[in-house]
Ligand SMILES: C[S@@+](CC[C@H](N)C(=O)[O-])C[C@H]1O[C@@H](n2cnc3c(N)ncnc32)[C@H](O)[C@@H]1O
């Protein structure tokens, strides 16, 4: 008999889980329940009551939980809406000492465009590995004050505190500038009088130029704003000469853009040369482009790069465990005038703009919803938690899927959330408590490879949401493409094999093992399953058809790759 392993790669609809479904070859059915030999029984009780939770779930921000940035508005005087207003407010001494720990009152410089100044400093810090790209955050949790003190220290003056519009602009500029870095740098270098000028450019000046280039080329910001504001920022933050250089280069860029003659490389020559040209035009590392040429073909590689460069939307999952329905969530969004789209998945809505409003309105704190990718929801749909089942989430933290699975159990059943990272596990349990799901979830702080050897516990369903390259989420994680190296893949695939072997030891006879990653790379997906099934002929790959909406499998969404794996008749 032939089994089928479905590999779902997901770049078209920004759907990022690639769940693989494997059942133990015991002839038992999917619906079996009850852990055998499970040592962690705390009893499972219903998820009643209304938890109050402020959570940004990890799907959207996998590596940033608990490290957000926010700005607190100090006073209306300190926050005039636009740059360039004539009044120059001073922050109160109280605010000043809160922010900086010093008694000195920093002067707020209103000559510069505040969001550009903050974006430039943030870009500088990202480049040094000391900040993250996202800015989606609730204001007022204190971390924004740190951010502002970085701005003050770096620029030598304060900007006023940012309002929502500024925060959105910083987010757009920072994410876009990071995403388009290779393209922008190529052009900046081409427009410098000599390469040395670019190579030796001081870091802050380079960030200001990148912002100007990005605004002109990708945001179509009016000339006077893109040129004048960035020139002024360079003059004030650096020196007049720096402003003159920015002025000269940006004006040169404008002329070339108007004449439609940007000095970009031609897509010609052999595959290697074409990959190099495309890596500049679409701003990706060359090794990724070459890899996608090989695995996907040129056309698909191109589509993927365009997709990675598009603005992501956010998905929000309504928290049914707290008694809310999607209609409740939609009502709230409408009252907040936040535009949304319904997902084909019942619990989800999509938001392109207005996330800041949702956060500030406290919808997450109320436990009404969580930010979660639909792709993560698809993985949970493939797990298909049934009341009464025992499930172990082997790489659980910070817990987006654990919480959704627990909600789907409708108060009956039990989930064990295992992770090697204690801090992330703590975040998971705090969220579980706020969602009133903590009775159903037990955390296990362990290395899965050791835990699997030592325990006798077996579970109905075992989810392995493995650590991966994240190559399927490049549009949401703008910096990831620059942080990943080709060599990472080999290390990751070894770890994935080890974790799969360990996870398989936890599946009870007749149980199910689900493997998912947020990568589109076949080495991390199909190849791992093929290798696993060869090592473990007692596991039979199953189709995920019937578990997730067909749209995600065959439509504009997930690309479906069917792969036949031979297994023994049973
Ligand atoms: C992709 S993330 C999991 C995301 C999570 N499933 C969710 O939905 O929020 C991978 C996780 O694997 C954990 N991990 C890595 N190596 C591990 C190991 N040897 N044992 C257990 N967990 C591990 C990491 O700490 C990380 O939290």
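The values are calculated or read from the model by the stated rules, or taken from the named source; none is laboratory data. Quantities reported herein were computed from a predicted structural model and do not represent experimental measurements. Backbone-built Cβ (ideal geometry, glycine too); neighbour counts: all protein chains shown.
Some points to look at:
- From the options 500, 450, 463, 495, residue that is within 12 Å of the ligand (Cβ to nearest atom) and closer than 13 Å to residue 393 by Cβ: 463
- Scanning region 314-339 for residues that are part of a loop (DSSP other than H, G, I, E, B) and crowded, with 19+ Cβ neighbours inside 10 Å yields 319, 324, 338.
- Search result, residues across region 408-424 that are near the ligand (Cβ under 10 Å from one of its atoms) and surrounded by 22 or more Cβ atoms within 10 Å (Cβ to Cβ): 417, 418, 419
- Taking region 360-373 as the range and being surrounded by fewer than 21 Cβ atoms within 10 Å (Cβ to Cβ) and either modelled with pLDDT under 90 or within 16 Å of the ligand (Cβ to nearest atom) (or both) as the test, the residues that pass are 360, 365, 366.
- Enumeration of residues in region 497-522 that are in a strand (DSSP E or B) and surrounded by fewer than 20 Cβ atoms within 10 Å (Cβ to Cβ): 509, 510
- Scanning region 407-447 for residues that are part of a loop (DSSP other than H, G, I, E, B) and under 16 Å from residue 462 (Cα atoms) turns up 409, 413, 446, 447.
- The conditions of being farther than 22 Å from residue 281 by Cα and not assigned by TED's automatic domain parsing to the domain that holds residue 128 are not met by residue 189.
- Residue 539 vs. criteria buried (at least 19 other Cβ atoms within 10 Å of the Cβ) and at pLDDT below 90: no
- Residue within region 207-216 that is surrounded by 21 or more Cβ atoms within 10 Å (Cβ to Cβ), in contact (Cβ under 8 Å) with a residue 60 or more places away in the chain and over 26 Å from the mean Cα position of the chain (by Cα) present: no
- For residue 471, the criteria (1) assigned to a helix (DSSP H, G or I); (2) within 13 Å of the ligand (Cβ to nearest atom); (3) out of contact with any helix residue (DSSP H, G or I) (no Cβ under 7 Å at 6 or more places or on another chain) hold in every case but one, which is (1).
- Considering each residue of region 185-201 in turn, at least one proves to be buried (at least 19 other Cβ atoms within 10 Å of the Cβ) and over 23 Å from residue 239 (Cα atoms).
- Flag for residue 350 being touching a strand residue (DSSP E or B) at 6+ places or on another chain (Cβ under 9 Å) and either part of a helix (DSSP H, G or I) or within 16 Å of the ligand (Cβ to nearest atom) (or both): no
- Test: residue in region 288-310 that is within 16 Å of the ligand (Cβ to nearest atom) and not assigned by TED's automatic domain parsing to the domain that holds residue 478: no
- Qualifying residue in region 374-393 (condition: within 9 Å of the ligand (Cβ to nearest atom), closer than 30 Å to residue 173 by Cβ and not in a helix (DSSP H, G or I)): no
- Members of region 431-440 found to be touching a residue at least 40 places away in the same chain (Cβ under 8 Å) and either within 14 Å of the ligand (Cβ to nearest atom) or crowded, with 20+ Cβ neighbours inside 10 Å (or both), listed by number: 431, 434, 435, 436, 437, 440
- Selection within region 144-198: residues that are under 18 Å from residue 356 (Cβ atoms) and modelled with pLDDT of 90 or more. The member of this set that is nearest to the chain's Cα centre (by Cα) is 175.
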